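Data block below; observations after.
The values are calculated or read from the model by the stated rules, or taken from the named source; none is laboratory data. In this text, all values refer to a predicted model and were calculated from it rather than measured experimentally. A quick note on method: Cβ atoms are made from the backbone with ideal geometry, for glycine too, and the neighbour counts reach across all protein chains shown. We work out accessible area using only protein heavy atoms, side chains counted, and drop any ligands, DNA or RNA first. Shrake-Rupley method; radii C 1.70, N 1.55, O 1.52, S 1.80 Å.
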Amino acid sequence: MSSPAIRIAGVHKRYGALKALDGVDLEVRQGEFFGLLGPNGAGKTTLISALAGLTRVDEGELAVMGHDVVADYRQARRKLGVVPQELVFDPFFTVREALRLQSGYFGIRRNDTWIDEILASLDLTHKANANMRMLSGGMKRRVLVAQALVHRPPVIVLDEPTAGVDVELRQGLWQFIRRLNTDGHTIVLTTHYLEEAQTLCNRIAMLKAGRVVALDTTDNLLKRFSSHALRVRLA
Ligand code: ATP
């Protein structure tokens, strides 16, 4: 049997007295479109950061495509594309430079043809030589997605990619992420929005105060709880 795309086992992370992750167990299968829902402070970003090897957990194990994120960091990181929540860029880089820098970060040979393909797929070709500081928030959001694809990872984690974006861009991003999934990528999406998870995800985990409080297929969750009850849990 193939390894899960993501395996999280018995993960704990404290910040002082605060339990940001309080015994999280989760497996995401290859090819899934998985939703990680939770209110502010539930631990979603901490979990993603731990998966990317950027946050050391106190206890437990995390693996991406069978590679442990600590013991086998380089391989685990190569398998994972992360679209972070924050729009942080060097404002003096152009869009193309930002993507080339990402190739360098992963130690892969620069491939401008591939970069051009990614830019075209996200409708960013006309902005390839624009400085990051000249872009709108929505365009920056798309550059973050582009950056996550440069090293061709099979698993892509998006941390609230549609937070604060307008309806048109949200629809465009949904379509794009769906296509990535249809093309064979495993997708993990964190969101506050039940509708977003309902529209896109096959399976959902609900995180609250660092714990998984519900885990099921989207259909089953909606059968078990009304939308109202789920919304209350997300508040
Ligand atoms: P949001 O939806 O608001 O982004 P989240 O579910 O991503 O929230 P996290 O950002 O993972 O939640 O935060 C989980 C908890 O850990 C919060 O209480 C947060 O304040 C705390 N926390 C996160 N990072 C740190 C840090 N570096 N130092 C101290 N506390 C932190």
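Remarks
- In the calculated pair-distance distribution of the range 125-235, the portion above 20 angstrom amounts to 48 percent of the Cα-Cα pairs.
- Looking at the range 21-88, the accessible area is 46 square angstrom per residue; that uses a 1.4 Å probe and ignores ligands, DNA and RNA.
- Tilt relative to the chain, helix 112-121 - C-alpha long axis, 0 to 90 degrees, to 10: 60 degrees
- Mean Cα-pair separation over length for the range 63-212, i.e. relative contact order, pairs under 8 Å, 6 or more apart, %: 26 percent
- Protection proxy ranking of 181-187, 158-164, 141-147, by the mean of other Cβ atoms within 10 Å over each peptide's residues and highest first, is 141-147, 158-164, 181-187.
- Ranked packing of 115-128, 44-57, most packed first, by mean Cβ within 10 Å: 44-57, 115-128
- Helical content of the chain, expressed as a calculated mean residue ellipticity at 222 nm, amounts to -10500 deg cm²/dmol (DSSP H runs of 4 or more residues, -39,500 (n - 2.57) each, divided by residue number, nearest 500).
- With every protein chain in place, the chain: carbon and sulfur % of accessible area (1.4 Å): 49 percent
- Angle in degrees between helix 137-149 and the longest Cα principal axis of the chain, rounded to the nearest 10: 90 degrees
- Bridging of residue 140 to lysines at a Cα separation below 18 Å is possible for 127, once same-chain residues fewer than 8 apart are set aside.
- Bridge type composition, the chain - antiparallel percent by DSSP, nearest 5: 55 percent
- Selected from 71, 180, 169, residue furthest toward positive end of dipole (the chain; charges at beta carbon): 71
- Debye-sum result for the chain in log10 I(q)/I(0), which assumes one identical scatterer on each alpha carbon, at q = 0.13, 0.16, 0.17 Å⁻¹: -0.78, -1.17, -1.31
- The chain: angle of helix 167-182 to the longest principal axis, Cα-based, in degrees nearest 10: 80 degrees
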